[in-house]
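Note sheet for the following structure.
The values are calculated or read from the model by the stated rules, or taken from the named source; none is laboratory data. The structure displayed is predicted, hence computed values, not measured ones. Heads up, the Cβs are rebuilt from the backbone with ideal geometry, glycines too, and the neighbour counts pull from every protein chain shown. Protein only, heavy atoms only, side chains kept; ligands, DNA and RNA dropped before computing areas. Shrake-Rupley method; radii C 1.70, N 1.55, O 1.52, S 1.80 Å.
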Amino acid sequence: MKYNNIDFDTKTILITGGAGFIGSNLAFYFQTNYPKATVVVFDKFRNDEKFSNGNLKSFGHFKNLIGFRGIVISGDINDEEALAELDEDYNFDYIFHQAAISDTTVAEQDLMIKTNVNAYESLLKIAIKHRANMIYASSASTYGDGSVFEVGFEAPNNAYGFSKMMMDNVSYRYINKQLPISIVGLRYFNVYGGREFFKNSTASMVIQFAHQILSGATPKLFEGSDMILRDFIYIEDVIQANILACSPKKSGIYNVGTSKARSFEDIVNILQKELGIDNGKSYIINPFVGAYQFFTEANIETSRENLGYSPRYELERGIGEYIPEIKRLFEVEVKC
Ligand SMILES: NC(=O)c1ccc[n+]([C@@H]2O[C@H](COP(=O)([O-])OP(=O)(O)OC[C@H]3O[C@@H](n4cnc5c(N)ncnc54)[C@H](O)[C@@H]3O)[C@@H](O)[C@H]2O)c1
């Protein structure tokens, strides 16, 4: 679906983190809707290096890009030389910056700030030089366990949320300079949908519960999950927000959610109904208390006004659309 009148077929587009969940969906969005666009994916891809929490240092996976016909570059956004090459070799019209340490439980603050904040500023400088509009991934984690989900009410409770807030602060500094490009930060809430599988244990609970159910196990929820509410947003609405953010009425930071909080219990109930399997529910202690969000719900008024964003997928519809891919992944990646 085309969300605006920009003719991306004539444009050169950089997608950092393009081998990850959201980035690869953006890459295929352009390939499908604007096959003549020049799309450059820049991603670190995975190796076997891990953080102290036991999770991979980067989740980029070639399987997210099977069928992609654009340009693929393996590189690190912390590598100034690699960025200098991008700067020299291309003339970008749009930069979709998705590359980041996306794991909210990573404890290494040094690498978190370097990767998420400092490398973002380096890319922003390239955007300004190229006169490319910058669209980047901020996060609802900037709100921490606060109760107001609007710009101005940030209260991050982990290093990841802090790093995203610092990215937004970098953006404000540049927005205030009245530059000839637009800069839009998108505060995604909890995103789910195709191509998230390779985020392993950091993928959404939609796919994790679904695969627990399909394998015959009882889905494991945190205690009190009927009272843990989040704003779950389907990947297609995240793509919509990114495309609309290419021509905002105003540069700024905008929430990307449905504006309706739903519980983790709701997810399991919808999945059990859609999959036609009811193997009950079990409850485990939440190990993340203190750095966890018990309630999130996006206020999307300014996103509607300045981007024209209007979410189309409530939880039932998003999960319903996702079910065939969830089943395919179970057959191809989980069962064998
Ligand atoms: N998925 C969500 O629910 C969600 C919510 C809020 C914000 N975000 C943000 O959206 C963006 C995309 O998230 P995602 O869910 O697709 O996660 P992801 O981990 O699948 O994608 C991030 C990509 O960045 C790459 N990457 C990591 N470090 C890199 C580096 N140093 N150099 C180059 N590439 C690097 C990874 O290999 C990966 O492919 C991230 O910035 C994330 O913080 C995601």
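What trypsin sites (Lys or Arg not before Pro) in region 134-184 are in a loop by DSSP, with at most 10 other Cβ atoms within 10 Å of the Cβ?
Taking region 134-184 and a limit of 10 other Cβ atoms within 10 Å, the loop trypsin sites (Lys or Arg not before Pro) found are 177.
Enter the accessible area of residue 172 (Å², nearest 10), with the probe set to 1.4 Å and all protein chains included.
Rounded to the nearest 10, that gives 80 Å².
Step through the residues of region 176-193 one at a time and calculate ³J(HN,Hα) from phi using the Karplus curve (6.51 cos²θ - 1.76 cosθ + 1.60, θ = phi - 60°), rounding each to whole Hz and writing x for Gly and Pro.
Karplus values, whole Hz, x for Gly and Pro: 5, 7, 6, 7, x, 10, 9, 10, 10, x, 10, 8, 5, 8, 7, 8, 9, x.
Find the relative contact order for the chain and round it to a whole percent, using C-alpha pairs within less than 8 Å whose residues are 6+ positions apart.
Across the chain, relative contact order equals 17 percent.
Might you tell me the accessible area per residue for the chain, computed with a 1.4 Å probe and given in Å²?
43 Å²
Given Cβ point charges of +1 (Lys, Arg) and -1 (Asp, Glu) and nothing else, what value in debye, to the nearest 20, does the dipole of the chain about its Cα centre take?
Approximately 460 debye in magnitude.
Distance between the C-alpha centers of region 222-254 and region 60-120? Whole Å please.
Taking the Cα centre of each part, region 222-254 and region 60-120 sit 21 Å apart.
Show which aspartates and glutamates lie in cross-link reach of residue 63 when reach means a straight Cα distance below 20 angstrom and same-chain residues fewer than eight apart are skipped.
Cα-Cα hits under 20 Å: 43, 48, 49, 76, 103, 196, 236, 325, 331, 333.
Quick one: length gained pulling residue 53 to residue 110 fully straight, 0.36 nm per residue minus the C-alpha distance?
Extending this stretch completely gives an extra 19.0 nm.
Of the beta bridges DSSP finds with both residues in the chain, what % are antiparallel, to the nearest 5?
Bridges in the chain that DSSP calls antiparallel: roughly 10 percent.
How far is helix 205-214 tilted, in degrees, relative to the longest principal axis of the Cα atoms in the chain, given as a value from 0 to 90 rounded to the nearest 10?
In the chain, helix 205-214 runs at an angle near 40 degrees to the longest axis.
What are the residues whose amide H is under 5 Å from the amide H of residue 254, where those residues sit 5 or more places off or on another chain and H is modelled from the backbone?
185, 186, 187
Based on the alpha-carbon gyration tensor of region 97-164 and its eigenvalue square roots a ≥ b ≥ c, which shape applies: rounded if a/c is under 1.5, prolate if not and a/b is larger than b/c, or oblate?
oblate
Please report, in whole Å, how far the alpha carbons of region 1-93 spread along each principal axis, starting with the longest.
Reported extents, whole Å, longest axis first: 46, 29, 20.
For the pairs 50/125; 177/250; 114/177; 114/250; 57/199; 11/129, note any where the Cα-Cα span goes beyond 18 Å.
50/125; 114/177; 114/250
Could you give the length gained by full extension between residue 304 and residue 148, i.e. 0.36 nm per residue of separation minus their alpha carbon distance, to one decimal place?
Residue separation times 0.36 nm, minus the Cα-Cα distance, leaves 54.4 nm.
Can you divide the C-alpha Rg of region 45-184 by 2.2 N^0.38 Å and report the result to two decimal places?
Rounded to two decimals, the normalised Rg is 1.10.
Once phi is turned into θ = phi - 60°, what whole-Hz ³J(HN,Hα) does the Karplus curve with 6.51, -1.76 and 1.60 give for every residue of region 330-336, x standing for Gly and Pro?
Working through the residues one at a time gives 4, 5, 8, 10, 9, 5, 7 Hz.
In Å, what is the Rg of the alpha-carbon atoms in the chain, and how long is Dmax?
Cα only, the chain: 19.0, 57 Å (Rg, Dmax).
Not counting ligands, DNA or RNA, and with a 1.4 Å probe, what is residue 32's accessible surface area in Å² rounded to the nearest 10?
My reading of the accessible area for residue 32 is about 100 Å².
How big, in percent, is the set of alpha carbon pairs in region 51-124 lying more than 21 Å apart?
35 percent
Which far-off residues, 5 or more places away or on another chain, put their amide H under 5 Å from the one on residue 139, with H placed in the peptide plane?
Result for residue 139 returns 188.
Of the chymotrypsin sites (Phe, Trp or Tyr not before Pro) in region 133-168, which ones lie in a loop per DSSP and count no more than 16 other C-beta atoms within 10 Å?
Listed in order of number, the matching sites are 153.
In whole percent, what relative contact order does region 70-198 give with Cα contacts below 8 Å and a gap of six or more residues?
Computed over region 70-198, the figure is 26 percent.
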